[in-house]
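The values are calculated or read from the model by the stated rules, or taken from the named source; none is laboratory data. A quick note: this is a predicted structure, and the numbers were derived from the prediction, not measured. With ideal geometry, Cβ positions are generated from the backbone for all residues, glycine too; neighbour counts draw on all protein chains shown.
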Amino acid sequence: MDPVAVRAARLAAGLSQSQLARRLGVGVINVSRWETGVSSPTPHRLPVVAQALAVPVEGILSQEALNGGALLLQRLHVGLTQAEAAAAEGISTASYVRRERAGARSRPAD
């Protein structure tokens with residue numbers, strides 16, 4: 001997740017950190033940590049955060065995630081957890097997680 005994009009989207013939405021935290025049912029400290037890059041929300045929470053900020057998921061993801069995270073983006077767009085996506089593909093959750101992480105580490109060719 002891109003901390004600068006999250007903060008910019010929150011400010012553009014006219015929300016304080018505490019207002020966003022209330023909308024998401026998390027503590028203000030979580031929002032603060034997301035905006036400073038100390039931590040990120042879990043992948044299944046990203047669509048909820050994006051919706052609360054009225055931006056697409058891509059609007060709050062880091063460039064690194066956008067470059068190599070096609071599988072992650074597809075899963076987030078349909079709103080599935082990793083376990084649900086794995087079940088839909090007929091593979092174990094662990095196998096799905098490995099595939100998703102491998103895709104996020106890959107880089108497009110120059």
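A few points about this structure:
- Residue within region 6-22 that is within 23 Å of residue 97 (Cβ to Cβ), crowded, with 18+ Cβ neighbours inside 10 Å, within 15 Å of the chain's Cα centre (by Cα) and touching a residue at least 12 places away in the same chain (Cβ under 8 Å) present: no
- Scope region 24-48; condition modelled with pLDDT of 95 or more, of a type in the set (A, V, I, L, M) and assigned to a helix (DSSP H, G or I); matching residues: 24, 28, 29, 31
- When residues of region 1-23 are limited to those that are hydrophobic (A, V, I, L, M, F, W, C) and assigned to a loop (DSSP other than H, G, I, E, B), the one nearest to residue 72 (Cα to Cα): 1
- Annotation note: of 53, 61, the sole residue that is more than 8 Å from the chain's Cα centre (by Cα) and crowded, with 20+ Cβ neighbours inside 10 Å is 53.
- Any pair with Cβ under 7 angstrom, 6 or more apart, that starts in region 67-87 at a residue that is closer than 15 Å to residue 98 by Cα and ends at one that is in a loop (DSSP other than H, G, I, E, B) and at pLDDT 75 or above: 86/92
- Some residue of region 78-95 being modelled with pLDDT of 75 or more, on the phi > 0 side of the Ramachandran plot and either loosely packed, with under 12 Cβ neighbours inside 10 Å or basic (Lys, Arg) (or both): yes
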